[in-house]
1. Sort out which residues of the range 76-131 are at pLDDT below 85 and of a type in the set (Gly, Ala, Ser), and write them in order of number.
2. How many residues, within the range 24-57, are modelled with pLDDT of 95 or more and charged (D, E, K, R)?
3. Any idea how many residues of the range 14-34 are open to solvent by 40 Å² or more (accessible area, probe 1.4 Å), assigned to a loop (DSSP other than H, G, I, E, B) and of a type outside the set (Asp, Glu)?
4. Given (1) open to solvent by less than 20 Å² (accessible area, probe 1.4 Å); (2) in contact (Cβ under 8 Å) with a residue 40 or more places away in the chain, identify the lone condition not met by ASP64.
5. Return yes or no: is SER3 surrounded by fewer than 20 Cβ atoms within 10 Å (Cβ to Cβ) and either touching a Leu at 6+ places or on another chain (Cβ under 7 Å) or in a strand (DSSP E or B) (or both)?
6. Could you say whether any residue in the range 39-51 is outside any loop (DSSP other than H, G, I, E, B) and open to solvent by 10 Å² or more (accessible area, probe 1.4 Å)?
7. Could you check the range 65-80 and list, in sequence order, the residues that are under 18 Å from SER121 (Cα atoms), part of a loop (DSSP other than H, G, I, E, B) and of a type in the set (Gly, Ala, Ser)?
Amino acid sequence: CSSLQSITIPDGVTSIGDYAFSDCSSLQSITIPDGVTSIGDSAFSGCSSLQSITIPDGVTSIGDYAFSDCSSLQSITIPDGVTSIGDSAFSGCSSLQSITIPDSVTSIDNSAFSDCKSLQSVTKNEIKKRFGDHVFLLW
């Protein structure tokens, strides 16, 4: 998928599987429909041209390494309803400047946002969450 620039996932899809679009280095945009409830491990890892993504309401989990090394990703809003963010889910997103974490998130696993060197703003509400080790570690 090295030349794939845009993806529109069709209606009716409920899960984006592990490694589904991993290393699609030219991918710039993704449209994820309502109805998707989970984003699998490494689903978009290594999509280094991806600049933004809208995660729809209804998603409840973001897998391990789901968006790791998406080095052009600048912002992300995690919708209310997501309960878990996996290990290294956004690690290596070196252009990521802001993230919003809703109250529904109860678990953020190890190194979820590590090496996000441009991160300037993290918006989260209550601290009733379980944070793993090195969640915001900068190398």
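1. Selection gives SER121 alone.
2. 1
3. 6
4. (1)
5. Answer is no for this residue.
6. no
7. Within the range 65-80, SER71, SER72 qualify.
The rows are residues; the columns are (1) open to solvent by 30 Å² or more (accessible area, probe 1.4 Å); (2) part of a loop (DSSP other than H, G, I, E, B); (3) among the charged types (D, E, K, R).
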residue	(1), (2), (3)
VAL82	no, yes, no
ALA89	no, yes, no
SER95	yes, yes, no
THR100	yes, no, no
VAL105	no, yes, no
ALA112	no, yes, no
LYS117	yes, yes, yes
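The values are calculated or read from the model by the stated rules, or taken from the named source; none is laboratory data. Keep in mind that what you see is a predicted model, and the values were worked out from it rather than measured. Virtual Cβ from ideal backbone geometry, glycine too; neighbours counted across all protein chains shown. These area figures cover heavy atoms from the full protein model, side chains too; ligands, DNA and RNA do not enter into them. Shrake-Rupley method; radii C 1.70, N 1.55, O 1.52, S 1.80 Å.
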